[in-house]
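Asks: Here it is, the structure, as structure tokens.
The values are calculated or read from the model by the stated rules, or taken from the named source; none is laboratory data. Since we're looking at a predicted model, the values are computed, not measured. As a convention, Cβ positions derive from the backbone with ideal geometry for all residues, glycine included, and neighbour counts pool all protein chains shown. The accessibility values were calculated without ligands, DNA or RNA, using every heavy atom of the protein model including side chains. Shrake-Rupley method; radii C 1.70, N 1.55, O 1.52, S 1.80 Å.
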Amino acid sequence: MICSSAIRRRGFLSRNFLVGLVLFILCAGFAIHRQALYLANMRPYRPYLTINLIPGTRSNQVIKAAALGYDDFLSVFLWLRSIQDFGGQFRDPFALESQANAFWSITALQPLFTEAYDFGGLVIGDEGGSLNIWGSRVRPVEEQEQGWQFVNSMEEARQRADAMNEQALALFEHGIESDPDHFRHAYNAVYTSVSGLHDPRRAVPYAEVATLRPDCPDWVAGTIPYLQGRSGEHRIAMALWFARLREAISARSDLQIGINMRKIAEDGVNAWNCQTLTAALSLWSGMHGRALPDSLDQLVTDGFLTFDPEDVLASIELWRAAHSTTDPPPDLQTLVVEGFFPADPENPPEPLAFFDYIRFLDDVRRLQETTSQFETIREADLNLEMYLTVQGRIPDCPLNAWYIHSGDAQMLERMQRIGPFSYMVDHRDSRVWDTNRLFEDTARDLVSLRRRLSNYHGSHDQWPETLDELFPEGESAPVERGTGLPFIYDPADGTVHCRTFPALNGEINETMMGPPRPVDEGG
Amino acid sequence: MDKVFAIAQNTFKEAIRNRVMYVILVFAILFILTGVVVKDLTIAAHGLVIRAIGLWAINVFGLILALLLGIGLVYTELDKKTIYTIVSKPIDRWQFLLGKYLGLLLTLYLIVVVMSAVFLVEIHLLNRQIQDPHFGLAMLMSLKAIFLGCVELAVVVAFALLFSSFSSPVLSGFMTLMVIVAGRLNEDIERFAQKIIAGFEGGGEVAKQGFLAGMAFLRDPATGATIFDQIKFLFAKGTALVFPNFELFNARTLALHFDTVDVNILKMITVSTSDALIYAVPYTASVLLLAMFLFGRRNFR
């Protein structure tokens, strides 16, 4: 009774109160119901969910929470700050390292900030991942000035540059995930993988992702076979190029046919041959303890190259002549079984795969002759054999040397200039090196090693057991350029020799080391 | 309603005499105009930078004013003892409070209109240099962001009024600020609640099922959840449900990135204006009803 009278006295039963209460329950109930609906279907694209993809996640989550919904403004603020910082600290690699954090934060705050991925990739990858910039900070410990930041060796510079490129890739991956409309994040990742990390194999999936984006131009798909070829997947590369060639023929695209033909010849056949040849050279040098054979013929003589691609075409011609036909043989097996080509039918060497492509191309040519109305297509354009013609072949050039970059005029000139001793294997990116440069770099390495040995002997009164002892922990002694073999070191008397250039085993003078050059060019 | 409008009109007149408001307005306009200079500091996304600064300034300064003016709305009347003359007249307390609310909202919207006009003129003039091909759409999207910001202001002012109806200005300001913070982190708090459930075996599915299902799951001894887990969930989920979700009124990302990002993605991160209104109107009404109830019970002696 007391309770009910108190309720009445306080007006809880008044009309106004009851109306208000009902209204409140309705409004609050509806609002909370709507709220529950929103939360149940909470937007999956809440940006910071993707932060877990990138390093340093915890700090980004804190920034995200601290932004209190002003993510866009904060990301723009950091963006402006990064631009100014980049301008102010231009080409300082240590400052660029810290810039990586800024771009993670910007894109964590607002993953749709597409410009931040582009510019971040430029800052972190192109600039921060440049060996040229890091190389400019290489100083031996004893020469490092106070107040400046340096790296101790070229190897450390390379590691730091690679680390920056890795960070740029992480940024691009964040962009790929957050912004599925644009191909450029994936394509930037391709660029960084190839030019920064020298890892075309890694670039392939990025290129494939780029082609799936709605704004991807057609030419991006054309880079995939190129990347496959650079990765050593020549069979896949050739298949892709031929598929594109077929499309070009179907579409009757004069331009695309020309482009794909050239790609097949230069980046397909030649690159494959180049790889085969360099692999054989590497194997040969490893087994003989010398960098190079006297000539490339020796590779064939010693059995390192069991097959010369030129022989396939010659065999085809022989087969055609024997069968009085202009048609190619139906398949490789026929050629081998009938004795026109010396190979194990069960286990043909890799370059024999060319044969099927060549035959296919032969069919394409016939197809062209019978169905196409293209007047601009010349026989030579569709003939892969053009790279085997005698015309332009370098006199006295060793067997197969022609297959290395036969489409590269600059390389041809170089080959003519420096003669047969001109091919070395660079294990990192399969480049072809010139001997003069290699000689000079090796001379520099040897001088440096001998100086370190002398210092070591001066302080320890004995020679080190291995050359690695001359270097700080985590670093190893340089190896012979090109072959990758270790220098010959005798711990009994502290002498160090190289296999490749016997002339360097004596006194090395300034002339032998060549002119000074930017640090990164030495590779 | 005449009484309500009379009080609203009076509140508006009173508010526009407040010099602090003009100082803040000048700051806001100066901040918006920094876009003229700042655009030269960026190497790309010029339009985006200008819009980001302008929209941020309009929203933040609007909220600051809502906070400053809202928390003193009732207290000033009490402090000056003018409340006694008002309550002695034939006017209900709820009418007084609603009038105050509408008057303040009108003032704030007028300020937002001024700031928006400066902002739109600025981006219009700067577009002569930038030559943004999507300029027209940028204006429209910016207007949408500003409108949803106004809806957010309505909710914030309601809370300021609620707290000022029973507490001192400092406490009201602090509590309103906390509501803003909780509202901005609403979805994060919800995720925290979901994470508590998902941390237990079989909780992955239940995490998305709502408050009652979550509590039932945690109370099941088989899950091994402690009382602290239940309290944490209760607190987090309750906060997420009861406090306003201010992210629903955030269309700034849409206004900034509409030209580079697919419209479907933007739809995923931006609630439609009608949905935002359907949520905001009853929510604000319930907060105001609560304020009216508390104010109605208040003893002015």
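Asks: Can you pull a Stokes-Einstein diffusion coefficient for the range A:122-258 at 10 °C (1.306 mPa s), Rh from Kirkwood over Cα pairs, as a whole number of µm²/s? The partial results should precede the final answer.
Replies: Working: Rh = 16.8 Å.
For these conditions, the coefficient is 95 µm²/s.
Asks: With θ set to phi - 60° and the Karplus curve 6.51 cos²θ - 1.76 cosθ + 1.60, what are the ³J(HN,Hα) couplings of the range A:221-235 in order, to the nearest whole Hz, using x for Gly and Pro?
Replies: Karplus values, whole Hz, x for Gly and Pro: 4, x, 7, 5, x, 4, 5, 4, x, 5, 7, x, 8, 5, 4.
Asks: Which order do A:TRP463, A:TRP241, A:TRP219 take by accessible area at a 1.4 Å probe, largest first? Could the numbers behind the result be given before it?
Replies: Details: A:TRP463 70, A:TRP241 0, A:TRP219 130 Å².
Most to least solvent-accessible, the answer reads A:TRP219, A:TRP463, A:TRP241.
Asks: Further question on the same structure: Pull up all non-local amide H partners of A:LEU68: gap of 5 or more, or a different chain, and H-to-H distance under 5 Å with H placed in the peptide plane.
Replies: Amide H to amide H, under 5 Å and 5 or more residues apart or across chains, A:LEU68 pairs with nothing.
Asks: Something else: With the alpha-carbon atoms as the only input, what is the per residue convex hull volume for the range B:31-78 in Å³? Can you show the working numbers first?
Replies: Values: hull volume 2.5 nm³, N = 48.
About 52 Å³ per residue, rounded to a whole number.
Asks: Is chain B rounded, prolate or oblate when judged by the Cα gyration tensor, a ≥ b ≥ c being the square roots of its eigenvalues, rounded requiring a/c under 1.5 and prolate requiring a/b larger than b/c?
Replies: Note, shape of chain B comes out oblate.
Asks: Give me, ordered by chain and number, the residues 5 or more places off A:GLU480 or on other chains with an amide H under 5 Å from its own placed amide H.
Replies: Counting only residues 5 or more places away or on other chains, the set is A:LEU485, A:PHE487.
Asks: Given A:LYS64/B:LYS100; A:LYS64/B:LYS195; B:LYS208/B:LYS232; A:LYS64/B:LYS232, which pairs have Cα atoms separated by over 24 Å? Before the final figure, lay out the partial values.
Replies: Working: A:LYS64/B:LYS100 36 Å; A:LYS64/B:LYS195 18 Å; B:LYS208/B:LYS232 16 Å; A:LYS64/B:LYS232 22 Å.
Listed pairs above 24 Å: A:LYS64/B:LYS100.
Asks: Total Å² of accessible surface buried at the A-B contact, 1.4 Å probe, nearest 100? Show your work: numbers first, answer last.
Replies: Values: alone 28400 and 15780 Å², together 39430 Å².
Rounded to the nearest hundred, the buried surface is 4800 Å².
Asks: When only alpha-carbon atoms are used, what values of Rg and Dmax, in angstrom, describe the range A:114-192?
Replies: 15.2, 52
Asks: In sequence order, what are the phi-derived ³J(HN,Hα) couplings for the range A:102-113 according to the Karplus relation 6.51 cos²θ - 1.76 cosθ + 1.60 with θ = phi - 60°, rounded to whole Hz, with x for glycine and proline?
Replies: 4, 6, 4, 5, 4, 7, 6, 5, 9, x, 8, 7
Asks: For B:ASN10 and A:LEU18, FRET efficiency with R0 = 30 Å and r from the beta-carbon atoms, rounded to 0.05? Numbers along the way, then the final one.
Replies: On the way: r = 30 Å, r/R0 = 1.00.
Computed FRET efficiency for A:LEU18 and B:ASN10 comes out at 0.50.
Asks: Work out the charge dipole of the range A:56-216 with +1 on the Cβ of Lys and Arg and -1 on the Cβ of Asp and Glu about the Cα centre, then indicate which of A:PRO214, A:SER193, A:ILE63 is farthest towards its positive end.
Replies: A:ILE63
Asks: Using only the Cα atoms of the range B:1-92, construct the convex hull and provide its projected area averaged over every direction, in square nanometres to one decimal. Numbers along the way, then the final one.
Replies: Values: hull surface 30.6 nm².
Mean projected area for the range B:1-92: 7.6 nm², to one decimal.
Asks: Membrane-span-like helices in chain B: DSSP H runs reaching 20 Å or more (Cα, own axis), mean Kyte hydropathy at least 0.5?
Replies: Working: long enough: B:19-33 (21 Å, 2.73); B:46-71 (38 Å, 2.00); B:93-130 (54 Å, 1.31); B:135-164 (42 Å, 2.15); B:169-184 (22 Å, 1.54); B:227-242 (22 Å, 1.06); B:273-297 (36 Å, 1.24).
TM-like helix candidates: B:19-33, B:46-71, B:93-130, B:135-164, B:169-184, B:227-242, B:273-297.
Asks: Here is a follow-up. Answer rounded, prolate or oblate for the range A:56-216, using the Cα gyration tensor with square roots of eigenvalues a ≥ b ≥ c: rounded when a/c is under 1.5, else prolate when a/b is larger than b/c, else oblate.
Replies: Details: a/c = 2.50, a/b = 1.30, b/c = 1.92.
In terms of gyration-tensor shape, oblate.
Asks: Related question: Within the range B:196-210, find all residues whose amide N lies under 16 Å from a label point positioned 7 Å from the Cα of B:ALA222 along Cα-to-beta-carbon.
Replies: B:200-207
Asks: Okay, next question. Under a 5 Å amide H to amide H cut-off, with H placed in plane at 1.01 Å, what residues pair with A:THR495 once short-range neighbours are removed?
Replies: A:ASP490
Asks: Which lysines, if any, have their Cα less than 23 Å from the Cα of B:LYS144, not counting same-chain residues under 8 positions apart?
Replies: B:LYS39, B:LYS267
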